[in-house]
Amino acid sequence: MRKSIIAAAVAAAFVSPVAVTAAQAQAKPASPHTFTGNLSVVSDYRFRGISQSYKLPALQGGFDYSHASGFYVGNWNSSVSGNSFNNGAALEMDFYGGWKTEFSNGIGFDIGGLYYYYPGSTYQTSAATGRKKYDNFELYVGLSYKWLSGKYSYATTDYFGLTGQALGNAAYAAVNSSNAATGATTGTITSGSKGSQYFELNANYEVAPKWNLIGHVGYLKVKNYSSLDYTDYKLGVTYDAGFATFGAAWVGTDAKKDFYRIFENNGASTTNGKQVSGDTLVLSVSKTF
């Protein structure tokens, strides 16, 4: 009997701390902080349907921080074409922050701001006005429900530097609302594009385990430059292989092709340009960690 009591006491000496530790671990609250990262390679970087990489592959990646209260900040980066964004690092850096939540009825709400930064990239407007930056800042608000989401963005700056001059090359003819109806493609237009808007509707629906069907439709309305307005769309599929997610999507726009043609060498060349708004298949490989 004594041996049994001693044995039980010895066993308790070893078991009890483990049991207490497990209980303490279960009682420890989850961290309110979440950090994530992402990395991807795409066959063509399409932003709102328009190629930003001269219809060539791009490397992309970023980091995100979110708090249990709903506040978040993040940074996302992508290589871009020096033909589209002249004189700089051929890099886009996005900085954003905001607040989002989900209500009891399943509806999600998101509000925030996003700054698009192109290090060193500028285009020559004139000897009098000097160089103009492509940098852009937008405020946005979004709603979501299950696999559907919608978002509205409003530019508080000139839309990627558009002030009546070509955005680095002859792709963006100086056409505003007043002369668009006549089909005119020339003229000295000095109006700014602050107040441009973008409306979008997105879908991400799981059709089978690890397989998702994705869809998107958006509409860009450029302030004072109605000839640059267009609708863009995307339809595709993604597969989560665990170690990476693979995607394929058909992307296109109804943008006026004459206004979305990019030429090489800061627009000096008029023979080697690419039309960057046409339909195309975009392939992607991405990883979130």
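Conditions (1) over 21 Å from residue 149 (Cα atoms); (2) free of Cβ contacts under 8 Å to residues at least 60 places away in the same chain; (3) of a type outside the set (A, V, I, L, M, F, W, C); (4) out of contact with any helix residue (DSSP H, G or I) (no Cβ under 6 Å at 6 or more places or on another chain), marked per residue:
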| position | (1), (2), (3), (4) |
| --- | --- |
| 204 | no, yes, yes, yes |
| 212 | no, yes, yes, yes |
| 227 | yes, yes, yes, no |
| 238 | no, yes, yes, yes |
| 254 | yes, yes, yes, yes |
| 257 | yes, yes, yes, yes |
Practice problem: Please work out which residue is nearest to residue 256 (Cα to Cα), limiting yourself to the stretch 192-209 and to residues that are in contact with a Ser or Thr (Cβ under 9 Å, 6 or more places away or on another chain) and of a type in the set (D, E, K, R). | Solution: 200
Exercise. Would you mind stating whether residue 50 is under 13 Å from the mean Cα position of the chain (by Cα) and more than 18 Å from residue 38 (Cβ to Cβ)?
Key: yes
Exercise. State the number of residues belonging to the stretch 189-234 that are among the basic types (Lys, Arg) and not in a loop (DSSP other than H, G, I, E, B).
Key: 2
Self-check item: Some residue of the stretch 45-55 being open to solvent by 40 Å² or more (accessible area, probe 1.4 Å), basic (Lys, Arg), in a loop (DSSP other than H, G, I, E, B) and free of Cβ contacts under 8 Å to residues at least 40 places away in the same chain
Solution: no
Quiz item: Does residue 238 satisfy being over 30 Å from residue 158 (Cβ atoms) and not aliphatic (A, V, I, L, M)?
Solution: yes
Self-check item: Restricting the stretch 88-117 to residues that are open to solvent by 50 Å² or more (accessible area, probe 1.4 Å) and among the small types (Gly, Ala, Ser), the residue that is nearest to the chain's Cα centre (by Cα)
Solution: 89
Quiz item: Before we move on, is residue 214 hydrophobic (A, V, I, L, M, F, W, C) and over 20 Å from the mean Cα position of the chain (by Cα)?
Solution: no
Practice problem: Starting from residues that are assigned to a loop (DSSP other than H, G, I, E, B) and buried (at least 18 other Cβ atoms within 10 Å of the Cβ), keep the ones in the stretch 56-87 and report whichever is nearest to the chain's Cα centre (by Cα). | Solution: 80
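Okay, residues lined up against (1) at pLDDT below 95; (2) in a strand (DSSP E or B); (3) in contact with a Phe, Trp or Tyr (Cβ under 8 Å, 6 or more places away or on another chain); (4) open to solvent by 30 Å² or more (accessible area, probe 1.4 Å):
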{"residue": "119", "(1), (2), (3), (4)": "no, no, no, no"}
{"residue": "124", "(1), (2), (3), (4)": "yes, yes, no, yes"}
{"residue": "132", "(1), (2), (3), (4)": "yes, yes, yes, yes"}
{"residue": "138", "(1), (2), (3), (4)": "no, yes, yes, no"}
{"residue": "143", "(1), (2), (3), (4)": "no, yes, yes, yes"}
{"residue": "149", "(1), (2), (3), (4)": "no, yes, no, yes"}
{"residue": "166", "(1), (2), (3), (4)": "yes, no, yes, yes"}
{"residue": "170", "(1), (2), (3), (4)": "yes, no, yes, yes"}
Quiz item: Can you tell me which residues in the stretch 106-117 are assigned to a strand (DSSP E or B), farther than 18 Å from residue 75 by Cβ and of a type outside the set (Phe, Trp, Tyr)?
Solution: 107, 108, 111
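Table: residues versus (1) under 20 Å from the mean Cα position of the chain (by Cα); (2) at pLDDT 90 or above; (3) open to solvent by less than 20 Å² (accessible area, probe 1.4 Å).
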residue	(1), (2), (3)
247	yes, yes, yes
250	yes, yes, no
255	yes, yes, yes
258	no, no, no
263	no, no, no
268	no, no, no
272	no, no, no
280	yes, yes, no
289	yes, yes, no
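The values are calculated or read from the model by the stated rules, or taken from the named source; none is laboratory data. Here the structure is a predicted model, which is why all the values come from computation and not from measurement. Because the Cβ atoms are built from the backbone with ideal geometry, glycine has one as well, and the counts that use them run over all protein chains shown. Calculation scope for accessible area: heavy atoms of the full protein, side chains included, ligands and nucleic acids excluded. Shrake-Rupley method; radii C 1.70, N 1.55, O 1.52, S 1.80 Å.
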